[in-house]
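The values are calculated or read from the model by the stated rules, or taken from the named source; none is laboratory data. In this text the structure is predicted, and so the values were computed from the model without any measurement. Here Cβ is always computed from backbone atoms with ideal geometry, including for glycine, and neighbour counts include all displayed protein chains.
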Amino acid sequence: MAAHALVIGCLAALVLLSALWVVTLRNLFRAALSLGLVLLGVAGLFLVLEAEFLAFVQILVYVGAILTLIVFAIMLTAKLQGSVTAPANRQVFPAAAIAFALFIVLVSSTSALVPATPLSGDAIRLDVLGQELVKTLVLPFEVVSLVFVAAVIGAITLAVPRHAKSTKRS
Amino acid sequence: MTVRALLWLAHALFCIGIFGILTRRHAIGLLLSIELILNAAALNFVLFSRVFGHAQAQAFALFIIALAACEAGIGLAIILRLSRYTKTVLADDVHVLKG
């Protein structure tokens, strides 16, 4: 049990520290790599919470696909800045005050709802999750695939240069 | 290991994302902060699916990850288009919708 708590503590420290790096580092490329650390830490927390499938999806989709896409975009737009260094953040102290106040409000409003007990009961089995996805939640599941198609078409339409489109039509 | 500690971690992740959205000027920096917020929400869903034994909560965490992928793709396409037309990637400098 002590080892369990130690693992959770290490993962939580990793997630918090690299999340702070994501929002404070001036170099956007390093911020994106810190986001990768956050995502890996959250995947580890999913493993601790016995959601193995979600941990693998998190690593596959987030670290594999989204992070690669973000690094691509940073490198493609770095020419405009002259470097990948972002301009200085603005209004740091009011924003920190707002974020901290929000944290206090969230903690005070949810601490009464959740008992400070250790986790009990069984983990969610993967076949139960699959059955839910194709029985109860089949409509949201299909809508998500529709959203994927719309996103792909929209991204292609946005990213193709205008002169390439006009030459294709003529 | 308590439920409350992990809940506080998700809250802290959410608030750090809010801080990033308020302070970042670079459009991709805003996108990174949004990913933090979405991750906090997914962590909350998985935590409570474990506490209450609901499989549907994990399914919704799966939907969050899928929609985050869509959001990142569209957002980066918009940023690339924006950088090509207005020659800037700072969210403050963009004040027209039709270029």
If you check every pair at least six apart or on different chains, which have Cβ atoms under 6 Å apart with a residue in segment A:25-53 that is within 7 Å of chain B (Cβ to nearest Cβ) first and a residue that is of a type in the set (A, V, I, L, M, F, W, C) and outside any helix (DSSP H, G or I) second?
A:Leu28/A:Val84; A:Leu28/A:Ala86; A:Ala31/A:Leu25; A:Glu50/A:Ala123
Whether any residue in segment A:67-75 is within 9 Å of chain B (Cβ to nearest Cβ), at pLDDT 90 or above and either farther than 25 Å from B:Ala72 by Cβ or outside any helix (DSSP H, G or I) (or both) is what I want to check.
no
Any pair with Cβ under 8 angstrom, 6 or more apart, that starts in segment B:19-37 at a residue that is farther than 19 Å from A:Ile104 by Cβ and ends at one that is part of a helix (DSSP H, G or I) and among the hydroxyl-bearing types (Ser, Thr, Tyr)
B:Arg24/B:Ser33; B:Ile28/A:Thr77; B:Glu35/A:Tyr62
